[in-house]
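Student: Let me give you the structure first, and then I'll get to my questions.
The values are calculated or read from the model by the stated rules, or taken from the named source; none is laboratory data. Values in this document were obtained by computation on a predicted structure and should not be read as measured data. For neighbour counting, all protein chains shown are included, and Cβ atoms are generated from backbone atoms with ideal geometry for every residue, glycine included.
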Amino acid sequence: MRIGELASRTGVSVRSLRYYEEQGLLRSTRSAGGQRHYTQQDVERVEFVQRLYAAGLSSRTIAGLLPCVEAPSLENSDAALERMAQERERLSEHITDLLRTRDALDALMETARKYRQQLQPAAVE
């Protein structure tokens with residue numbers, strides 16, 4: 001199948017598929033005219049890459065995980081699990097930072113509400 005059909009079958013833009021190739025996440029064969037050609041395995045590969053992106057992984061990290069898929073072994077599996085654990089820790093730290101930022105914003109909003117209440121004229125009885 002050509003790149004447009006792969007894009008259609010996976011819901012991924014042609015531009016993204018080209019980027020995947022540039023990053024080494026996807027490979028194609030080329031026709032004599034230079035057109036990219038893909039197989040059903042490439043559909044599955046793109047879907048797998050999409051799941052990794054959805055998990056918050058970068059293209060560099062994904063490229064580091066692909067040997068586990070391409071050449072399954074205990075060593076590659078252990079390396080992939082270790083890398084995913086590192087990414088999970090990075091995400092956990094980021095979540096902690098986001099929660100701290102949200103709490104700081106909540107405190108600022110409460111201060112602004114109190115200040116706003118002081119600006120309202122007293123109710124006339």
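Student: From the list A79, A7, exactly one residue is within 28 Å of H94 (Cβ to Cβ) and aliphatic (A, V, I, L, M). Which is it?
Tutor: Among A79, A7, only A79 is within 28 Å of H94 (Cβ to Cβ) and aliphatic (A, V, I, L, M).
Student: If you take the residues of region 72-88 that are free of Cβ contacts under 8 Å to residues at least 12 places away in the same chain and closer than 19 Å to G24 by Cβ, which of them is surrounded by the most Cβ atoms within 10 Å (Cβ to Cβ)?
Tutor: Step one: list which residues in region 72-88 are free of Cβ contacts under 8 Å to residues at least 12 places away in the same chain, which gives 72-78, 81-82, 85-86, 88.
Remaining after also requiring closer than 19 Å to G24 by Cβ: 72, 76.
Details: P72: 11, N76: 16.
By that ranking, first place goes to N76.
Student: Just give me the residues in region 1-33 being surrounded by fewer than 15 Cβ atoms within 10 Å (Cβ to Cβ), within 20 Å of G64 (Cβ to Cβ) and under 18 Å from the mean Cα position of the chain (by Cα), in sequence order.
Tutor: Y19, E21, E22, Q23, G24 - these are the residues of region 1-33 that are surrounded by fewer than 15 Cβ atoms within 10 Å (Cβ to Cβ), within 20 Å of G64 (Cβ to Cβ) and under 18 Å from the mean Cα position of the chain (by Cα).
Student: Pull up region 22-39, narrow it to residues that are of a type outside the set (D, E, K, R) and without any contact (Cβ under 8 Å) to a residue 12 or more places away in the chain, then point me to the one that is nearest to R9 (Cα to Cα).
Tutor: Here the residue is T29.
Student: Just to be sure, is R36 at pLDDT below 95 and surrounded by 16 or more Cβ atoms within 10 Å (Cβ to Cβ)?
Tutor: Yes: the conditions hold for R36.
Student: Moving to a separate point now. Quick check: anything in region 37-49 at positive phi and of a type outside the set (K, R)?
Tutor: no
Student: Examine region 50-71 for a residue that is surrounded by 12 or more Cβ atoms within 10 Å (Cβ to Cβ), part of a loop (DSSP other than H, G, I, E, B) and of a type in the set (F, W, Y), and state whether such a residue exists.
Tutor: Checked region 50-71: no residue is surrounded by 12 or more Cβ atoms within 10 Å (Cβ to Cβ), part of a loop (DSSP other than H, G, I, E, B) and of a type in the set (F, W, Y).
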